[in-house]
1. So, ALA150, is that one under 24 Å from GLN238 (Cβ atoms), surrounded by fewer than 20 Cβ atoms within 10 Å (Cβ to Cβ) and out of contact with any helix residue (DSSP H, G or I) (no Cβ under 8 Å at 6 or more places or on another chain) or not?
2. Quick check on my filter: what residues within the stretch 153-166 are of a type outside the set (A, V, I, L, M, F, W, C), open to solvent by less than 60 Å² (accessible area, probe 1.4 Å) and over 18 Å from the mean Cα position of the chain (by Cα)?
3. Determine if the stretch 190-199 includes at least one residue that is under 22 Å from TRP17 (Cβ atoms), touching a Phe, Trp or Tyr at 6+ places or on another chain (Cβ under 7 Å) and among the basic types (Lys, Arg).
4. Can you tell me how many residues in the stretch 76-105 are over 17 Å from LEU187 (Cα atoms), without any contact (Cβ under 8 Å) to a residue 24 or more places away in the chain and not polar (S, T, N, Q)?
5. Taking only the stretch 229-262 into account, find how many residues are in contact with a Phe, Trp or Tyr (Cβ under 8 Å, 6 or more places away or on another chain), at pLDDT 95 or above and surrounded by fewer than 21 Cβ atoms within 10 Å (Cβ to Cβ).
6. Which members of the stretch 52-94 meet the condition of being of a type outside the set (A, V, I, L, M), open to solvent by 30 Å² or more (accessible area, probe 1.4 Å) and at pLDDT below 95?
7. Going through the stretch 127-144 one residue at a time, which ones are surrounded by fewer than 23 Cβ atoms within 10 Å (Cβ to Cβ) and modelled with pLDDT under 95?
8. Working carefully through the options ILE174, ILE169, find the one that is part of a helix (DSSP H, G or I), open to solvent by 10 Å² or more (accessible area, probe 1.4 Å) and in contact (Cβ under 8 Å) with a residue 60 or more places away in the chain.
Amino acid sequence: MGWAYPSFAHPLKLTTWNLEWLTLRHRGDLNVPDDIPFRSEQDFSRLKFYATHLDSDVIAVEEVETKEALEKIFDPAQYNIVLSSEPIVQRVGLVIKKPISFTVNPEVTALNVAPPGAKHALRTGLDITLHWDNQSLRLLIVHLKTGCWARRLTEKKHSCPILAQQFSILENWILEREDEAVPYAILGDFNRRFTLQDPAFISLREDAPLTLVTAGLASPCQGGSRFIDHIILGGKAQKWLVPDSLRVMTYQLDRDTKRLSDHCPVSIKLDPL
């Protein structure tokens with residue numbers, strides 16, 4: 001099947017945004033915790049305001065239950081929306097500005113390393129290839145196991161052994177993309193405060209050079225702590241990174257800010273020309 005490759009007069013803006021339990025469920029629903037940010041129509045309108053201000057071409061999203069919830073934030077007349085298929089509340093997805101073409105690849109279900117019978121399943125990875133400006137970019141959107149933000153992956157307590165398993169699966173995905181010699185990116189909520197010296201990140205780049213766009217930086221959204229939302233570039237995509245294009249969109253602080261999200265959008269720009 002042939003693809004139309006639309007041309008842009010501007011670099012591609014690529015974002016990751018954890019939307020914190022984005023669901024249309026109401027308080028009292030037994031399928032979700034009581035302390036999540038159940039949102040009013042006004043809350044959705046405020047999120048839509050920020051999404052419009054963000055004006056990103058491609059947005060990886062995390063903790064989203066349904067396409068209907070996302071369409072309250074991203075106008076379906078302007079964006080295509082793809083969500084992972086597992087039947088859980090906290091799914092990952094990709095919001096793609098029209099007319100960018102894309103191919104949906106098989107999901108990386110191996111990232112759900114939860115044992116059979118576990119009370120809570122882990123998130124799969126959404127694998128999508130974008131087509132624009134006569135270029136293709138393979139994306140893997142992830143939301144990894146929480147609880148091992150900076151500890152050694154070899155620790156037997158906390159969530160570190162599970163996160164270590166997931167990193168091993170990411171390594172395999174990276175190796176496959178290197179064998180195919182395609183530009184690629186992994187982005188989303190890694191629940192890990194990566195640095196270039198972090199053994200977890202070192203393990204990812206053992207077999208291929210990678211660019212961690214958040215390296216050495218702190219997030220203004222997380223009170224000055226290191227990022228846990230990351231964009232990692234591999235292959236030729238590393239050369240496409242527009243220098244100093246990393247941006248974090250923060251919210252105007254008020255009493256209702258907590259019903260927006262506990263994460264802020266993290267963006268970069270890519271220019272393959």
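1. Details: under 24 Å from GLN238 (Cβ atoms): no; surrounded by fewer than 20 Cβ atoms within 10 Å (Cβ to Cβ): yes; out of contact with any helix residue (DSSP H, G or I) (no Cβ under 8 Å at 6 or more places or on another chain): yes.
Against the criterion (under 24 Å from GLN238 (Cβ atoms), surrounded by fewer than 20 Cβ atoms within 10 Å (Cβ to Cβ) and out of contact with any helix residue (DSSP H, G or I) (no Cβ under 8 Å at 6 or more places or on another chain)), ALA150 does not qualify.
2. Hits for the stretch 153-166 are GLU155, SER159, PRO161.
3. Yes.
4. 5
5. 1
6. Across the stretch 52-94, the qualifying residue is only PRO87.
7. Across the stretch 127-144, the qualifying residues are ASP133, ASN134, GLN135.
8. Exactly one residue qualifies, and that residue is ILE169.
The values are calculated or read from the model by the stated rules, or taken from the named source; none is laboratory data. Keep in mind that this is a model prediction, so the values were computed, not measured. FYI the Cβ positions are ideal-geometry reconstructions off the backbone, even for glycines, and counts take in every protein chain you see. The protein model used for the area step is the full one, side chains on, heavy atoms only, and it has no ligands, DNA or RNA in it. Shrake-Rupley method; radii C 1.70, N 1.55, O 1.52, S 1.80 Å.
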